[in-house]
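Below is one structure; the comments refer to it alone.
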Amino acid sequence: MSGIEIEEPARERILRAASRLFYEQGYPNTGINEILSEAGAFKKSLYTHFPSKIELGKAYVQEQEAFILGTIERIIKRHDRYAEFIASWMRVVRRGIKTSYRYGCPLANLSNQTHDEPELAFTVRAALDRWTTIFRTELLRMSWPHPVNEDQTADFAERILFYYQGAMQLYGMSGDIRYIKRLEHELLRIAEDVQGS
């Protein structure tokens, strides 16, 4: 195009502003007017796309889930061996915490701040269910030192999510990379558990 700049649609500007503010300041500490000011948008635009702050929060959860889970899915589908998947994923996590996720997991952060918002809690729980389903399905497909069954991969999927969220929350609270290193160690122990069985 010859020097003509196309303005980003209001919906995307609003969601981008809300995403940054929700993550950096917290959902309860972020007001609609602050989001609109940062987005350079009017209330009419906001309510056209997001009828309430809760709807904006749900869109934020869905956007974060799509990015995080999409990244995990792309990585896990490229690997047939569990340890290779973990090594690749942890490289991405280490890069991510230096830039986008320096305060921990955005889904966990929002969830911890919105216990009194059942719609947001439901949206986050549904996202976590999709995570465990993808882990369970892909882990079952992988090569393991010994055969694994669906019950084992269901347990592994829950452990992966448990370790990941715990490490990300501790990292977000402290900024200490030790928790991310420990995460990789704990995730690799899952493969050792299979060898020991």
#### Entry: Matching option when the condition is part of a helix (DSSP H, G or I), modelled with pLDDT under 95 and among the basic types (Lys, Arg), among ARG95, ARG91
ARG95
### Summary
Checked the stretch 149-182 for anything among the small types (Gly, Ala, Ser) and closer than 15 Å to TYR103 by Cα; matches are GLY166, ALA167, GLY172, SER174, GLY175
### Query
If a residue has to be basic (Lys, Arg), surrounded by 14 or more Cβ atoms within 10 Å (Cβ to Cβ) and without any contact (Cβ under 8 Å) to a residue 40 or more places away in the chain to count, how many in the stretch 45-86 make the cut?
1
### Message
Cβ-Cβ under 7 Å, sequence separation 6+ or interchain: first residue in the stretch 110-133 and without any contact (Cβ under 8 Å) to a residue 40 or more places away in the chain, partner part of a helix (DSSP H, G or I) and open to solvent by 90 Å² or more (accessible area, probe 1.4 Å). Which pairs?
### Response
THR132/GLU158
### Query
Of all residues in the stretch 118-150 being open to solvent by 40 Å² or more (accessible area, probe 1.4 Å), of a type in the set (Asp, Glu) and in contact with a Lys or Arg (Cβ under 9 Å, 6 or more places away or on another chain), which is nearest to LEU187 (Cα to Cα)?
GLU150
### Query
Name the residues in the stretch 30-44 that are surrounded by 14 or more Cβ atoms within 10 Å (Cβ to Cβ) and charged (D, E, K, R), would you?
GLU34, GLU38
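The values are calculated or read from the model by the stated rules, or taken from the named source; none is laboratory data. Note that the coordinates shown come from a computational prediction; the quantities given were computed from them, not determined experimentally. Reconstructed Cβ throughout: ideal geometry from the backbone, glycine too, with neighbour counts over all protein chains shown. Accessible surface areas use protein heavy atoms only, side chains included; no ligands, DNA or RNA. Shrake-Rupley method; radii C 1.70, N 1.55, O 1.52, S 1.80 Å.
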